[in-house]
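The values are calculated or read from the model by the stated rules, or taken from the named source; none is laboratory data. Since we're looking at a predicted model, the values are computed, not measured. Cβ atoms come from the backbone with ideal geometry, glycine included; neighbour counts cover every protein chain shown. Remember, those area values only see protein heavy atoms, side chains included, never the ligands or the DNA or RNA. Shrake-Rupley method; radii C 1.70, N 1.55, O 1.52, S 1.80 Å.
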Amino acid sequence: MAETFTNTTQILQPFKGVKKVTLEEYFTSGHRTCQGCESALVMKLMVKAAGPRTIVLGSTGCMYVANTTYYTTPWVVPWMHTQLGSSGSAALGTSAGLKALMKKGKMKAEPINVIAFCGDGGGADMGLGAISATLTHKEYNSLILLYDNESYANTDIQLSGSTPYGANTTFSPPGTVKRLIHTRWKKNTAGMLAAGHTECRYVATVCASYAVEMMNKVRRALSIGGPTFIHSLDPCPKGWDYDPMLSHELGELAVETGIFPLYEVEDGVVRHYGKTKAIVEGRPRKPVREYLLKQGRFAHFIEEDLGYFQAKVDEMWDKWEIPGVIPFRKEKPGK
Ligand SMILES: Cc1ncc(C[n+]2csc(CCOP(=O)(O)OP(=O)(O)O)c2C)c(N)n1
Ligand code: SF4
Ligand SMILES: [Mg+2]
């Protein structure tokens, strides 16, 4: 006789400070990511937050290739590779498959976390449609985590829709005739997904420089149920061209300059976090040059480029309907 099936989630209480974080690791040694790779840290923290009853699905990219060299793997939990644009489909299909098997009594009914991760190329560009579809299926529980190293890093740092304005990539090398090849502004992926999927109960942004907060957002996403989405900004020493020891500091600077706001949208309510909250409440932002000039990918910037970048970030905070999250502006009455 089949056990009674319920579509419940694991209730993962937030870690109340770093000393309360569990010691067990589910992403261990055996990977070959670069020294200082923040995305590898994100994998480690993500699955530590989720715990042992978790299935991880990973789309093609550094976190697939560098983590699964033949006969070695750092994953302690079940892990599966999925095609570059398929994190959304993999999350939905796995969640639906588990639900069907449990309903039919073919496996023990228990809440199992399903996490599908993707890079910015796989998630913010190629797989955006599949992620969007998944976020409308409220009957299936899953988390899609986008690790954003701001390029197609695994294939040698090509420009993605997440690459910042002006950055030097293999597709946008600065030249003597034309200094800036990449002149498009970065996509606002988390804001877009939150605004466009009204039944998705949880969308958040994170940065592993704020590790406990990051893990607690993963725990919240998995506990709340339905399809959920987290966007993580991950400094990448190879693609961003900086000393690996600066990864943590660059993550902090991205937040302190207001370039990458930390927030969550839960059931339609926006909550800013940490230093981002302080900025919303009036704390001055650090100048963007403090962040940009620490990275070789912006070494060709002149004052004019820094000024443009600063003005665009100022706009996010001074003009957007919800600072750093939703860019629409209301028309002024009488116009
Ligand atoms: C359909 C398809 N097109 C191209 C590739 C080649 N490819 C493998 S990894 C990769 C880069 C993916 O970039 P991203 O998703 O940002 O992950 P990252 O490598 O930066 O970690 C590309 C283009 C592929 N595997 N599949
Ligand atoms: S290229 Fe960047 S994302 Fe890829 S393994 Fe190296 S540091 Fe990590
Ligand atoms: Mg990438």
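Computed quantities for the displayed model
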| quantity | calculated |
| --- | --- |
| Selection from V114, T257, Y210, by position along the positive dipole direction of the chain (Cβ) | V114 |
| Neighbourhood net charge (9 Å Cβ-Cβ; Lys/Arg +1, Asp/Glu -1) for Y202 | 0 |
| Carbon + sulfur, % of accessible area of the chain - ligands and nucleic acids excluded, 1.4 Å | 57 |
| With at most 14 other Cβ atoms within 10 Å, longest stretch of the chain clear of loop GluC sites (Glu not before Pro) (DSSP) | 26-138 |
| Accessible area of the stretch 81-198 divided out per residue, in Å², using a probe of 1.4 angstrom | 39 |
| Helix 303-318 vs. the chain, principal-axis angle (Cα, 0 to 90°, nearest 10) | 50 |
| Positive-end residue of G226, T163, Y273, charge dipole of the stretch 159-290 with Cβ unit charges | T163 |
| Accessible area per residue, Å², the stretch 215-335 with all protein chains present, probe 1.4 Å | 46 |
| Relative contact order, percent, the stretch 263-317 [alpha-carbon distance under 8 Å, six or more residues apart] | 22 |
| Two-site label geometry, K319 and R271: point separation in nm, points 7 Å out along Cα→Cβ | 3.1 |
| Rounded, prolate or oblate (a/c below 1.5 giving rounded, otherwise prolate when a/b exceeds b/c) for the stretch 210-335 by Cα gyration tensor | oblate |
| Relative contact order of the stretch 88-166, defined on C-alpha pairs under 8 angstrom at six or more residues apart (%) | 36 |
| Charge sum, other residues only, whose C-beta stays under 13 Å from K330's C-beta, Lys/Arg counted +1 and Asp/Glu -1 | +2 |
| In Å, descending, principal axis extents of the Cα set of the chain | 72, 58, 39 |
| Rounded accessible area of D241 (nearest 10 Å², 1.4 Å probe) | 90 |
| Sum of -39500 (n - 2.57) over DSSP H runs of 4+, divided by residues of the chain (222 nm, nearest 500) | -9000 deg cm²/dmol |
| In nm, spacing of pseudo-spin labels at M192 and Y71 (7 Å Cα→C-beta vector) | 4.3 |
| Dipole magnitude of the stretch 132-252, debye to nearest 20 (Cβ charges: Lys/Arg +1, Asp/Glu -1, about Cα centre) | 380 |
| Stretch gain in nm, segment K103-E281, where the contour uses 0.36 nm per residue and the Cα spacing is subtracted | 59.3 nm |
| Neighbour cut-off at most 13 other Cβ (10 Å), DSSP loop, chymotrypsin sites (Phe, Trp or Tyr not before Pro), the stretch 195-280 | none |
| Sequence-distant aspartates and glutamates (8 or more away, or on other chains) whose Cα lies within less than 18 Å of K277 | E213, E252, E256, E264, E266, D314, E315, D318, E321 |
| Size of charge dipole - the chain - debye, nearest 20, with Cβ of Lys, Arg +1 and Asp, Glu -1, no other charges | 660 |
| Positive dipole terminus of the chain, leading residue within P174, Y152, A50 (C-beta point charges) | A50 |
| Prolate/oblate/rounded label for the stretch 205-263 (Cα gyration tensor, a/c 1.5) | prolate |
| Three-way shape call for the stretch 36-160 based on the alpha-carbon gyration tensor, with the a/c threshold at 1.5 | oblate |
| Solvent-accessible area per residue, Å², over the stretch 23-76 with all protein chains present [probe radius 1.4 Å] | 45 |
| Rel. contact order, % - alpha carbon contacts under 8 angstrom, at least six apart, the chain | 18 |
